[in-house]
Amino acid sequence: MKPIRIFLAADSTVQTYDVHEKHQGGWGEFLKDYLDEEVQVLNHAIGGRSSKSFIGEGRLLQILKEIKAGDYLFIQMGHNDATKSKPERYTEPYTTYKQYLKMYVKGARDNQAVPVLITPPARLHLENGKFINDFPIYCSAMKEVAKEEDVTLIDLMEKSLYLLDSIGYKESLTLYMASVNETDFTHFTKKGACHLAGLVAQGLKGSKLPIAENIKL
């Protein structure tokens, strides 16, 4: 039987790290732990890319050459789109960001594959005792695209903020690289990446997509 394939187009919070990297993880490398043996994960996520630069470097094109009917394309972009100091990455939320996201959606559908949009996950950012969404406008713009294009959306920002609130700062810290190097409040430890993959799986389980049946939760 032909495997169900999930292609991941995303940034460093999703990418698979080298075996020599003992601490840092991306949720893409743990997603398979929540899926049955019928599903294969092809992780094209890479650090420092935005919706714009991922396309500019030909990375989406590479996926579209491989992706086939019945496959899935998961798109999580936003962290690097917000970097105004790097014009090769930066996109304006309600114009260029939305336009680039729609290119991923169209590319998947042109190949009879299923696009899934995923909002960027939360950083470990606490203000006045509350965890903060650092990318509210990008999350909002992605939700608009999901509505306009009728695409399934997993709100990983909302899910990750809820997780952080429920476990508190001390435990939340163990999910982020800041617990290792004291400076990185964006990237995940292996433990954190595994938790995030579980949140993505949870989102899929609650969706109307056929792949919901392949989730082990």
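I'd like to verify a number: residues in the range 63-88 that are in a loop (DSSP other than H, G, I, E, B) and either farther than 30 Å from I211 by Cβ or among the aromatic types (F, W, Y) (or both), how many?
Count: 6.
From the set of residues in the range 139-163 that are of a type in the set (D, E, K, R) and either free of Cβ contacts under 8 Å to residues at least 40 places away in the same chain or part of a helix (DSSP H, G or I) (or both), which is surrounded by the fewest Cβ atoms within 10 Å (Cβ to Cβ)?
Applying the filter and picking the extreme gives D150.
For G58, all conditions in the list (1) at negative phi; (2) surrounded by fewer than 20 Cβ atoms within 10 Å (Cβ to Cβ) hold save one; what is the number of the exception?
With (1) at negative phi; (2) surrounded by fewer than 20 Cβ atoms within 10 Å (Cβ to Cβ) applied to G58, the lone miss is (1).
Among the residues of the range 106-138, write down those that are closer than 30 Å to N181 by Cβ, within 18 Å of the chain's Cα centre (by Cα) and not in a loop (DSSP other than H, G, I, E, B).
I118, P136, I137, Y138 - these are the residues of the range 106-138 that are closer than 30 Å to N181 by Cβ, within 18 Å of the chain's Cα centre (by Cα) and not in a loop (DSSP other than H, G, I, E, B).
Could you run through the range 36-93 and say how many residues are of a type in the set (S, T, N, Q) and closer than 22 Å to S140 by Cβ?
Adding up the residues that qualify gives 7.
Only residues that are in contact with a Lys or Arg (Cβ under 9 Å, 6 or more places away or on another chain) and either surrounded by fewer than 14 Cβ atoms within 10 Å (Cβ to Cβ) or more than 23 Å from N111 (Cβ to Cβ) (or both): list them for the range 71-87, please.
Listed by number, the residues that qualify are H79, N80, D81, A82, T83.
Filter the range 36-46 for residues that are surrounded by fewer than 20 Cβ atoms within 10 Å (Cβ to Cβ) and within 23 Å of F185 (Cα to Cα) and give the result.
Scanning the range 36-46 gives a single hit, I46.
Are any residues in the range 180-191 assigned to a helix (DSSP H, G or I) and either modelled with pLDDT under 95 or out of contact with any strand residue (DSSP E or B) (no Cβ under 6 Å at 6 or more places or on another chain) (or both), and if so, which ones?
Answer for the range 180-191, where residues must be assigned to a helix (DSSP H, G or I) and either modelled with pLDDT under 95 or out of contact with any strand residue (DSSP E or B) (no Cβ under 6 Å at 6 or more places or on another chain) (or both): V180, N181, K191.
For residues that are in a loop (DSSP other than H, G, I, E, B) and touching a strand residue (DSSP E or B) at 6+ places or on another chain (Cβ under 8 Å), scanning just the range 9-35, find the one that is surrounded by the fewest Cβ atoms within 10 Å (Cβ to Cβ).
Once the filter is applied, the top-ranked residue is H23.
Checking T183 against (1) touching a helix residue (DSSP H, G or I) at 6+ places or on another chain (Cβ under 7 Å); (2) under 19 Å from T83 (Cβ atoms); (3) among the hydroxyl-bearing types (S, T, Y), which single condition isn't satisfied?
(1)
Would you tally the residues in the range 192-217 being in a helix (DSSP H, G or I) and either in contact with a Ser or Thr (Cβ under 6 Å, 6 or more places away or on another chain) or of a type outside the set (K, R) (or both)?
So the count comes out to 18.
The values are calculated or read from the model by the stated rules, or taken from the named source; none is laboratory data. Predicted model only: the values in this text are computed from it and were never measured. So basically every Cβ, Gly included, is an ideal-geometry build from the backbone, and we count neighbours across all protein chains shown.
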